[in-house]
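Worksheet: one structure, shown below.
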Amino acid sequence: MKEDTKVVRAGRHPEKHLGAVNPPVFHASTVLVRTLDELENLSRRPDPTFVYGRRGTPTQHAFEEAVRELEGGDACYSYPSGAAAVSAALLAFAAQGAHFLVADSVYTPTRRLCDTLLKRWGVETTYFDPLIGSGLAALMRPNTKAVMCESPGSLTFEVQDIPAISKVAHAGGAKVLLDNTWASPLYFKPFQHGVDVSIQSATKYIGGHSDAMLGTVTVNKGALEAVRDATHTLGYCLGPDDAYLAQRGIRTLAVRLRHHQDSGLKVARWLAARPEVERVIHPALPGDPGHVLWKRDFLGASGLFGFLLTPCSRAALAAMVNGFSLFGMGASWGGYESLCMPTHPERSRTATAWKVAGHTMRIHVGLEDPDDLIADLDRAFARLNDVERRRKGAA
Ligand SMILES: *Cc1c(COP(=O)(O)O)cnc(C)c1O
């Protein structure tokens with residue numbers, strides 16, 4: 001089956017639900033059984049099974065099945081947020097005295113988990129240069145249990161050599177975890193590149209409409225038991241309404257992503273030619289430092305990327321972003337709407353420095369017409385230039 005067909009079919013079983021195209025929303029905590037035999041056999045039922053609301057109803061199971069099929073793993077679990085998914089995945093491999101290797105460009109709350117709770121519980125984290133590749137071997141220790149990657153990285157979009165990193169990690173007996181949110185399950189196939197545990201903030205492209213919080217962890221057989229047990233023990237579960245919204249989001253994921261990709265590239269190329277922009281950070285642009293790896297390993301690019309402004313004052317930046325008519329500022333991304341705001345990667349990195357002269361920006365190109373977005377950016381730069389001209393005139 002081709003990918004577009006899979007996106008439409010995955011996890012759907014109308015025959016189980018009176019022919020309804022979408023899985024119905026089951027609201028349930030208690031699930032009744034009729035006999036003592038059934039009661040005594042509950043714990044022996046294979047996963048996923050409908051035994052108690054916390055372990056998922058057919059609504060969550062349909063969503064998990066769809067994500068598992070698209071990412072290509074052996075099982076998938078769902079969570080009330082992407083951050084919850086990250087924590088369950090890392091806790092699954094945490095133990096007193098264990099060592100984790102984490103990419104310096106990971107999502108900031110992932111870092112916080114490592115630097116606070118995990119540290120307190122006796123797990124040591126070493127951050128590594130996201131471009132390290134097989135050089136990771138030098139950082140491996142006998143107690144290294146997990147290597148946490150995110151490619152491209154949050155805010156800075158470095159592409160990691162996941163096959164090289166996986167080879168080193170596996171040789172040392174560590175599991176490879178990947179936050180695969182940027183690519184979604186469609187544009188990077190984690191299990192074909194050596195990943196053991198793939199994490200999605202499904203709040204982003206899978207949900208796709210900025211109205212639900214959820215996360216997933218998809219695993220291969222070797223990581224299944226650890227992640228399943230941690231998930232069940234921690235008591236994570238996803239609300240059935242949000243699971244419903246997310247499975248509905250999946251049906252349009254392929255067409256939405258193609259639009260995000262095409263419009264994103266159009267806007268990225270336009271930005272790259274602007275004097276107000278020092279550099280566009282988009283791995284699908286030839287010449288980007290991550291382009292060669294992106295081209296080798298990825299099947300597409302999403303609509304999220306970065307750019308560096310030529311140094312300008314805070315007042316000029318404010319004039320630029322305060323007057324947007326289409327772009328918004330706010331946490332998250334992956335919805336149909338466009339976002340553009342300054343970010344601060346220099347504040348969180350420890351293994352490598354993020355040294356840039358101007359402001360670092362993150363842009364999410366939504367489903368609007370790209371020409372309208374470019375016009376909005378054009379007006380934004382005019383406002384920025386106006387402030388800079390007056391400032392220089394006054395000086
Ligand atoms: C947003 C995000 C998360 C966290 O997801 P939430 O659903 O907001 O908790 C994790 N990783 C990445 C890369 C993200 O962008």
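Observations on the structure shown:
- The residues in segment 152-163 that are at negative phi and more than 10 Å from the ligand (Cβ to nearest atom) can be counted, and the count is 7.
- Restricting the first member to segment 278-297 and to residues that are in contact (Cβ under 8 Å) with a residue 24 or more places away in the chain, and the second to residues that are in a loop (DSSP other than H, G, I, E, B) and hydrophobic (A, V, I, L, M, F, W, C), the beta-carbon pairs closer than 6 Å and six or more apart or on different chains are I281/F157; P283/V159; G290/V159; L293/V159; W294/V159.
- Extreme residue, nearest to Q261 (Cα to Cα), among residues of segment 341-362 that are within 16 Å of the ligand (Cβ to nearest atom) and touching a helix residue (DSSP H, G or I) at 6+ places or on another chain (Cβ under 7 Å): M341
A quick yes/no check of all residues on (1) under 24 Å from Y187 (Cα atoms); (2) within 21 Å of the chain's Cα centre (by Cα); (3) in the same structural domain as A331 (by TED's automatic domain parsing):
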{"residue": "R9", "(1), (2), (3)": "yes, no, no"}
{"residue": "P14", "(1), (2), (3)": "no, no, no"}
{"residue": "N22", "(1), (2), (3)": "no, no, no"}
{"residue": "P46", "(1), (2), (3)": "no, no, no"}
{"residue": "H61", "(1), (2), (3)": "yes, yes, no"}
{"residue": "V67", "(1), (2), (3)": "yes, yes, no"}
{"residue": "E71", "(1), (2), (3)": "yes, yes, no"}
{"residue": "A85", "(1), (2), (3)": "yes, yes, no"}
{"residue": "F100", "(1), (2), (3)": "no, yes, no"}
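- For segment 313-342, a residue qualifies if it is of a type outside the set (A, V, I, L, M) and surrounded by fewer than 18 Cβ atoms within 10 Å (Cβ to Cβ), and the qualifying residues are S313, R314, N322, G323, S325, G328, G330, S332, Y336, E337, P342.
- Residue satisfying all of: in segment 46-89; part of a loop (DSSP other than H, G, I, E, B) and within 16 Å of the ligand (Cβ to nearest atom); surrounded by the most Cβ atoms within 10 Å (Cβ to Cβ) among these: S81
- Test result for V356, surrounded by 15 or more Cβ atoms within 10 Å (Cβ to Cβ), touching a Pro at 6+ places or on another chain (Cβ under 9 Å) and not assigned by TED's automatic domain parsing to the domain that holds L131: yes
- Tallying residues that are surrounded by fewer than 20 Cβ atoms within 10 Å (Cβ to Cβ) and among the hydroxyl-bearing types (S, T, Y) within segment 298-312 yields 1.
- Segments classed as helices (runs of 4 or more DSSP H), wholly inside segment 178-269, with at least 1 members that are closer than 17 Å to T110 by Cβ: 221-234
The values are calculated or read from the model by the stated rules, or taken from the named source; none is laboratory data. As the structure is a prediction and not an experimental result, all values here were calculated from the model. Neighbour counts run over all protein chains shown; Cβ positions are idealised from the backbone, glycine included.
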